[in-house]
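The values are calculated or read from the model by the stated rules, or taken from the named source; none is laboratory data. Note that the structure is predicted; figures quoted are calculated from it, not measured. Please note: Cβ atoms are built from the backbone with ideal geometry, for glycine as well, and neighbour counts cover all protein chains shown.
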Amino acid sequence: MVDPRIRDVADDNRVPDLTAQWPLVLRGMLRHGLAWLAGDRPPGAALLSRPAPSPLRTWAPIILALAAIAAGSFAAAALALGGALAWIVAAVGVVALVFAAIALLMASAIAHVLPPPPRPECQLPSLPHRPGEPHPLQPYFRATDLVEYVPGEVWVAQMPLRFLGGQLGARMVVVRGDREGHLLIHSPIAPTPAILDQVRALGEVRWIVAPNLLHHLFVGPWLEAFPAARAYAAPGLPERRPDLPWAGVLASSDDDVPWDRSFVDHVTLRGHPFHVEVALYHRPSRTLLLCDQIENLGHAPETASALVRWGLELAGMARRPTAPTDLKLSLDDPEATRAGVRALLAWPFERVIIAHGRLIERDARATMIDAFAHVLRPGDV
Ligand SMILES: [Fe+2]
């Protein structure tokens, strides 16, 4: 049974900060697009495990169609004997030409932030400790109870979540945070009665981490359910949610944390005015926990809408774990992101749990290098 509040999340999740980033994305598109057209090739391109389909090729039908409309309109206007009709046809040609130029710029900008190669097989068909059974976290938006993901160490629960017309799903992770077995919850989802019962059966929830400025909607309900738990926020979140009793902010790897760092380590990924994120690493299970920094959408059949799949393909995001292209285009301090990613790549993780999309259960390190190649340089890995 899906918690009825999930509908509210879908309606509520269009946060003003996301629209505030669009001017940055447009500026980034101009800067990256012109750089690519001028022949600049980012150094991280050398780190991609294999070439990805060129965004220029993906966009080519659109660019060529607009250019053909422009050429046809100009030819028709020239052949017309004059008058208002010729001007109207010529105006259509100018508009088509402008759109063709914008499309070329967008494709070039996406190419400049290095879309990683597709990885449709990044998630295993079954969990290793449940061979032969269908993967319980597939498709990624299926509502689940708490699933034992790594025996005795890591548990995951999912819920559906619609966003901007597509199905994103959302994931929560529960890990053991110290030797006594106390629990840490990362990116909480709606606490259904069944999930609450399962978590209570595992042990005491001590810590709740809201890893970025978006994944905070259910911190309150989890604190109500576990009054002894303490909530820790990504930088900037306490200002955004002053109604919640935050116990601390995870500003950098140097923070003092109440859990055992030999169990759960963290790095704060910066470099974007909005998408600051606390990445966690669960050492005993070698599991990296990310939230919105990497998404893995656009796989069929989960992304049933051909239109959404096409949109993701144009954005260089379909069927691959990747940083969202809007985030890549609007980074204001890529060197800060690079420092965080280098720290993250130093952890010997074997799998990555993300909030939205298929899990990364094969070639986890190579997949993350591909996904963050836009900020990396040869020698970083
Ligand atoms: Fe998210």
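Hey, among the residues in the range 145-193 that are away from the ligand (no atom under 13 Å from the Cβ) and among the aromatic types (Phe, Trp, Tyr), which one's nearest to ALA233 (Cα to Cα)? Checked the range 145-193; the qualifying residue nearest to ALA233 (Cα to Cα) is TRP155.
Could you please let me know if SER54 is surrounded by fewer than 20 Cβ atoms within 10 Å (Cβ to Cβ), closer than 29 Å to ASP326 by Cβ and among the polar types (S, T, N, Q)? Yes: the conditions hold for SER54. Among helices (runs of 4 or more DSSP H) entirely within the range 321-381, having at least 3 residues that are assigned by TED's automatic domain parsing to the domain that holds GLY166, farther than 22 Å from GLY311 by Cβ and out of contact with any Cys (no Cβ under 8 Å at 6 or more places or on another chain) singles out 334-345, 364-371. Within the range 275-298, if we keep just the residues that are assigned to a loop (DSSP other than H, G, I, E, B) and away from the ligand (no atom under 12 Å from the Cβ), the residue that is farthest from GLY177 (Cα to Cα) turns out to be GLY298.
Set side by side, the residues PRO151, PRO116 differ, and just one is in contact (Cβ under 8 Å) with a residue 12 or more places away in the chain, more than 20 Å from GLY298 (Cα to Cα) and either in contact with a Lys or Arg (Cβ under 8 Å, 6 or more places away or on another chain) or not hydroxyl-bearing (Ser, Thr, Tyr) (or both), which is PRO151. Within the range 265-280, residues that are of a type in the set (Lys, Arg) reach partners that are crowded, with 22+ Cβ neighbours inside 10 Å with beta carbons closer than 9 Å, at six or more positions or on different chains, in the pairs ARG270/VAL276; ARG270/GLU277; ARG270/THR337; ARG270/GLY340. When the range 234-274 is filtered for residues that are outside any loop (DSSP other than H, G, I, E, B) and closer than 26 Å to VAL154 by Cβ, the ones remaining, listed by number, are LEU237, TRP246, ALA247, GLY248, VAL249, VAL264, ASP265, HIS266, VAL267, THR268, LEU269.
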